[in-house]
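A quick write-up on the structure given underneath.
Values in this text are rule-based calculations from the coordinates and carry no lab data. Keep in mind that this is a model prediction, so the values were computed, not measured. Methodologically, a virtual Cβ is constructed for each residue, glycine included, from the backbone with ideal geometry; neighbour enumeration extends over all protein chains shown.
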Amino acid sequence: MDAWVIAGRSFHSRLIVGTGKYKSGQETARAIEASGAEMVTVAVRRVNLDRSKESLLDFIDPKKYFLLPNTAGCYTADDAIRAARLAREVGLSDWVKIEVIGDERTLYPDVLATIEATRVLVKEDFTVLPYTSDDIVVAKRLLDAGASAIMPLGAPIGSGMGIQNAANLRILREMITSVPLIVDAGVGTASDAAIAMELGADGVLMNSGIAHAEEPVLMAGAMRHAIIAGRAAYLAGRMPKKLYATASSPLEGVVR
C-alpha cells in the first residue's frame, strides 16, 4: 500500500487499531498482528502504568508498533490535557489522540473542549490527533489550533453502524488537504472500512469492529484487506453511475 505521512512520520498501513475490549492480552496481540497496523491506540486512563504488574503494554511491542495514547474517558478539556501530559511523563509518547466526550449516551465529542485541549497541547509541543464530529467548521477550527490530523466519526463510538454521513465525509475530503483525514468510530465490518477509504479517507481508526466480532483475529485480517481494497478503489476512480444499462461489449459489427 502507498505510504502516508502524519506530522512528518511515514506509515504504510492505513489502519489504526485500538487495544480495548478484547478478552485477553493475548487476543489483543494476535488481532493487532493480523490487522497489519503499525499504529495502535492505548487509553491512558485505562492502562496500568505500574510496570511491576501485568499491563496491556506487556502485549504490545513498542519497537514494532507506534503507540498513540488517547484520552478516552475524559469529559473536560482539563482532564484530557492532564491525561496527555501523564502519557508523556511516563514515556508513552508526545503524540496524543484527543477525545473529549460531550454526551454520555451517544459519546459524541464536546467539540469546543476538543478545540481548547488541542490548542493547549500543541503549544506544549504535542502532536495532536483529535476525535471530532464530521462538521467542516469544527475541522477548520481544529486546523487553526494546530491539529496534525482531523478524525471525524463515521457513527457513534462502538455502534458498528458504519458510515452514516457520506456527504459530509466527501466535503471534508475536498476541503481538508493539509493534514490526513482519518475516520474514527462507527466501523462495524469490513465493508464499512472499505467505504470510508473509497470516500477518500487517508486512514481508518477502529476498535470495537474488531474486538467485538465473534472471531476478532479473523475480522482484523478482513479489515486489513478492506482498507487496502478501499484505498485502491479510491485511487482507481469508480465508473460513473447511470440510470440505464450499458452493454459490456460493443454492439458495432455484431451480426444479428
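How much length would be gained if the chain were fully extended between Lys140 and Lys63, taking 0.36 nm per residue of separation minus their Cα-Cα distance, in nm to one decimal?
On the way: separation 77, 0.36 × 77 = 27.72 nm, distance 3.42 nm.
Result: 24.3 nm gained on full extension.
Would you mind checking the pairs Lys97/Lys140; Lys64/Lys140; Lys21/Lys140; Lys140/Lys242 and listing those with alpha carbons more than 29 angstrom apart?
Details: Lys97/Lys140 17 Å; Lys64/Lys140 33 Å; Lys21/Lys140 32 Å; Lys140/Lys242 35 Å.
In this structure, Lys64/Lys140; Lys21/Lys140; Lys140/Lys242 exceed 29 Å between Cα atoms.
Residues with beta-carbon under 13 Å from that of Ile227, excluding Ile227: net charge, scoring Lys, Arg +1 and Asp, Glu -1?
-2
Be a star and scan segment 146-164 for residues whose amide nitrogen sits under 18 Å from the point 7 Å along the Cα-to-Cβ vector of Lys123.
The answer is 146-148.
Pop the C-beta distance of Ala247 and Arg170 into the FRET formula with R0 = 41 Å and round what comes out to the nearest 0.05.
0.85
Using r as the Cβ-Cβ distance of His12 and Glu89, and R0 as 25 Å, what FRET efficiency do you calculate, to the nearest 0.05?
Given R0 = 25 Å and the Cβ-Cβ separation, E is 0.25.
Name the most mobile residue of Thr177, Thr41, Thr189, meaning the one with the largest mean-square fluctuation, in a Gaussian network model of the chain with Cα contacts below 10 Å.
Thr177
Show me, for segment 25-41, the HN-Hα J-couplings you get by feeding each phi into the Karplus relation (A = 6.51, B = -1.76, C = 1.60, θ = phi - 60°), rounded to Hz, glycine and proline as x.
Taking θ as phi minus 60°, the curve returns x, 5, 5, 4, 5, 5, 5, 4, 4, 5, 6, x, 5, 9, 10, 10, 9 Hz for segment 25-41.
Going by amide H atoms built from the backbone, whose H comes under 5 Å of the H on Phe66, apart from near neighbours?
Excluding prolines and chain starts, which carry no amide H, the hits are Met39, Val40.
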